[in-house]
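Peer 1: One structure is given below, represented as structure tokens, and several questions about it will come after.
Please treat every number below as a calculation from the coordinates, not as lab data. Since the model is a prediction, treat every value here as computed from it, not as a measurement. Note: ideal-geometry Cβ built from the backbone for every residue, glycine included; neighbour counts use all protein chains shown.
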Amino acid sequence: MKILNFVNIFLILILFVSCSKKELNKKITIKEKSLDLQVLEAYEEGKESLEGGDVLFAAKKFNEAEILFPQSDWAPRSALMAAYSYYTQDYYGDAIAELLRFKRVYPKDKNLDYANYLLAVCYYEQIVDEKKDLQSISLAKKNFIYVVNTYPNTEYALDAEFKINLINDVLASKEMYVGRYYFKKKKWIPSINRFRTVVDQYETTIYVEEALHRLVEIYYKIGLTEEAKKYANLLGYNYKSSKWYEKSYVVFNKSYKIKKINNKKDSKLLDKIKSLFD
């Protein structure tokens, strides 16, 4: 009898433990599903807020989605969306902070190329005045160069190269502005340094032709004729049809007259266009 009671109690305990395990597994499963659901809901709320223009709330919800499940695939995506939310409304400082954190926390994420590109764009779009925004110019160029070198076969690299050329134009124009100022003040050495910077570092910009001509002028004025000829030859070799080459030619040939372009319009064409309004 005692043995029978013992067996019954043992079976009850086994059944109880089994039910407890099932209930525990059920609770864990429900909890995991609930966490996934929370992440998804936070992410979707972020998207809706972003589309509605409330970027601060959107960024908050994306950050919430990342924190809820930091080991999931949603985490890096949410972090990147938070940065993009700030960027869309020109909160560049917040966007940059999010992107730098993204690079640190997710160094091997598949969207790292986009993160680096967006970081460069955030610096680039803060450039307003080339005489004042030197830090933004420098950081934008540095990050675009990184994109080109690290992700050469992407659309980001293609656009980065285009923007680097625009940045170089801005930097060259600044050097030309300062160089012309020194030229007017007859401060030849600092003027030469500025124009040579354009020739040496920004040779692909629209300012290189004028910079070469200015060097011809300065070296000729201070009596360094051979140096002046060297830059005149360089200008002629690369830009023979340029107006700046013609001006440099005048430096050595005072009797040469620069040809004037006839801007008079074709009267027949004008009459034809005028007749459209009669």
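Peer 1: Taking θ = phi - 60°, what integer Hz values does the Karplus form 6.51 cos²θ - 1.76 cosθ + 1.60 yield along the stretch 96-107, in sequence order, with x for Gly and Pro?
Peer 2: 5, 4, 5, 5, 5, 5, 4, 4, 6, 7, 10, x
Peer 1: Under 11 Å from the Cβ of Cys122, count the other residues' Cβ atoms, weight Lys and Arg +1, Asp and Glu -1, and hand me the total.
Peer 2: Value of the local net charge: -4.
Peer 1: Could you list which residues have their amide H under 5 Å from that of Asp90, counting only those 5 or more apart in sequence or on another chain, with H placed in the peptide plane?
Peer 2: none
Peer 1: So for the pair Leu100, Leu158, with labels modelled 7 Å out along Cα→Cβ, what separation do we get in nm?
Peer 2: With each label placed 7 Å out from Cα toward Cβ, I get 3.2 nm.
Peer 1: Roughly how many nanometres apart are two label points built 7 Å out from the Cα toward the Cβ at Tyr181 and Glu41?
Peer 2: 6.0 nm
Peer 1: With θ set to phi - 60° and the Karplus curve 6.51 cos²θ - 1.76 cosθ + 1.60, what are the ³J(HN,Hα) couplings of the stretch 79-84 in order, to the nearest whole Hz, using x for Gly and Pro?
Peer 2: Coupling constants for the stretch 79-84: 4, 5, 5, 5, 4, 5 Hz.
Peer 1: Using a cut-off of 10 Å between beta-carbons, work out the net charge of the residues near Ala75 (Lys and Arg +1, Asp and Glu -1, Ala75 not included).
Peer 2: -2
Peer 1: Just to be sure I understand the model, the point goes 7 Å from the Cα along the line to the Cβ. What's the resulting Ile222 to Gln71 distance in nm?
Peer 2: 6.9 nm
Peer 1: Show me, for the stretch 148-163, the HN-Hα J-couplings you get by feeding each phi into the Karplus relation (A = 6.51, B = -1.76, C = 1.60, θ = phi - 60°), rounded to Hz, glycine and proline as x.
Peer 2: Computed from phi, the couplings for the stretch 148-163 are 4, 6, 8, 10, x, 9, 10, 5, 5, 5, 4, 5, 4, 4, 4, 6 Hz.
Peer 1: Using a cut-off of 12 Å between beta-carbons, work out the net charge of the residues near Ala228 (Lys and Arg +1, Asp and Glu -1, Ala228 not included).
Peer 2: Value of the local net charge: +1.
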